[in-house]
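Please read the structure below before turning to the comments.
The values are calculated or read from the model by the stated rules, or taken from the named source; none is laboratory data. In this text, all values refer to a predicted model and were calculated from it rather than measured experimentally. Quick reminder, even Gly has a Cβ in these numbers, built from the backbone with ideal geometry, and neighbours come from all protein chains shown.
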Amino acid sequence: MAENQLSRLYQAAKRYVFKDTAYLFLYAWRYFQNNHHNSAAFYTDEEFAALVAQGRSMIRIGDGEMGLLHFCKVRYQKYSDAIRNDFLKIIKNYNNDSACVIAIPPPVNYSSTRLKKINRWHLYRQFKISYELIFNKQATYYDQLAFYKNGTFEKFIMPYLKTKKVVIVTNRENAAAIKNSPRASEEYQYVICGHENTYETRQQIQQDIIATVEKTGLPKNGVVVLMSAGLCKTIIPDMAEQGYQVLDIGKGLESYYMGVSIENLM
């Protein structure tokens, strides 16, 4: 056991010293500054709903994506340099005129003292440092946790969906549950993805989305794509630039259609 722990510590030290040096030094510098906080700007729910009505897409970036940026695997996606570079490109190219809004967790602005008080320091400390290092400080973001809150999807997204054709991208199990939900429409179209490591099949998923939209016979702006499909989400900014509207709702999609609260996961 002790040997395994030493091995993990050695691998972590090697990764941060040789691959993630800037992060390591800033982390060490900020570690004892308990009152330091970022000042990321966020759209309100109403402002975001207005952007969606204008055709903007949205991609959520959370603690899982942060792990990949720092060379770590996550539970549902194996690490690769390709996925790390894709997320770095998405983050660094983002501004308020981008076709795709980036959503990040508001606790990125919390001080370490506040995070520790709500027992979230271990979850968001990496994101705080990463925001300081690589995110555009002049850009405005949306709340990555918004669709974990009861009522957000129903109040700010559903009215818009009723004016569009809806395509849902998710795994087979979720698709079956949504189809059986009284909240779903029989007119919804589905693109099926895997349960994990969806980044590796992102190009096929993108082709399937495009084909499904084309089959509707509607123009691109007549269709909204809702995504709960792991980290194939890296296709969203590119699709947004092509005129498709894709909203990365994640588990909030399952929560709404299955009538299950996930606020406890925030």
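Residue check, Tyr160 against (1) surrounded by fewer than 20 Cβ atoms within 10 Å (Cβ to Cβ); (2) under 22 Å from Val74 (Cα atoms); (3) of a type in the set (Phe, Trp, Tyr), all met but one. Which one?
Just one mismatch for Tyr160, condition (2).
Of the residues Leu26, Leu6, which single one is in contact with a Leu (Cβ under 8 Å, 6 or more places away or on another chain) and modelled with pLDDT under 90?
When all the criteria are applied, what remains is Leu26.
Looking at (1) surrounded by fewer than 21 Cβ atoms within 10 Å (Cβ to Cβ); (2) in contact with a strand residue (DSSP E or B) (Cβ under 8 Å, 6 or more places away or on another chain); (3) among the aromatic types (Phe, Trp, Tyr), find the lone condition where Tyr131 falls short.
(1) is the only condition that Tyr131 fails.
Any idea how many residues of the range 197-243 are touching an Asp or Glu at 6+ places or on another chain (Cβ under 6 Å) and charged (D, E, K, R)?
The total comes to 1.
Kindly provide the set of residues from the range 22-32 that are in contact with a helix residue (DSSP H, G or I) (Cβ under 7 Å, 6 or more places away or on another chain) and surrounded by fewer than 13 Cβ atoms within 10 Å (Cβ to Cβ), ordered by number.
Across the range 22-32, the qualifying residue is only Ala22.
Just the residues that are within 18 Å of Glu196 (Cβ to Cβ) and either at pLDDT below 95 or of a type in the set (S, T, N, Q) (or both), please, taken from the range 232-249.
Thr234
Which is in contact (Cβ under 8 Å) with a residue 40 or more places away in the chain, closer than 30 Å to Trp29 by Cα and in contact with a strand residue (DSSP E or B) (Cβ under 9 Å, 6 or more places away or on another chain), of Ala139, Ala184, Ala146?
None of the others qualify; the one that does is Ala139.
Could you please find all residues in the range 69-103 being small (Gly, Ala, Ser) and within 21 Å of Glu132 (Cβ to Cβ)? Before the answer, list the steps.
Residues of the range 69-103 that are small (Gly, Ala, Ser), as a first pass: 80, 82, 98-99, 103.
Of everything in the range 69-103, those that are small (Gly, Ala, Ser) and within 21 Å of Glu132 (Cβ to Cβ) turn out to be Ser98, Ala103.
Among the residues of the range 95-108, is there at least one that is outside the structural domain of Thr44 (by TED's automatic domain parsing) and either within 17 Å of the chain's Cα centre (by Cα) or on the phi > 0 side of the Ramachandran plot (or both)?
No.
Can you tell me which residue within the range 67-114, out of those that are in contact with a Pro (Cβ under 8 Å, 6 or more places away or on another chain) and among the aliphatic types (A, V, I, L, M), is surrounded by the fewest Cβ atoms within 10 Å (Cβ to Cβ)?
Only one residue tops the list, namely Ala99.
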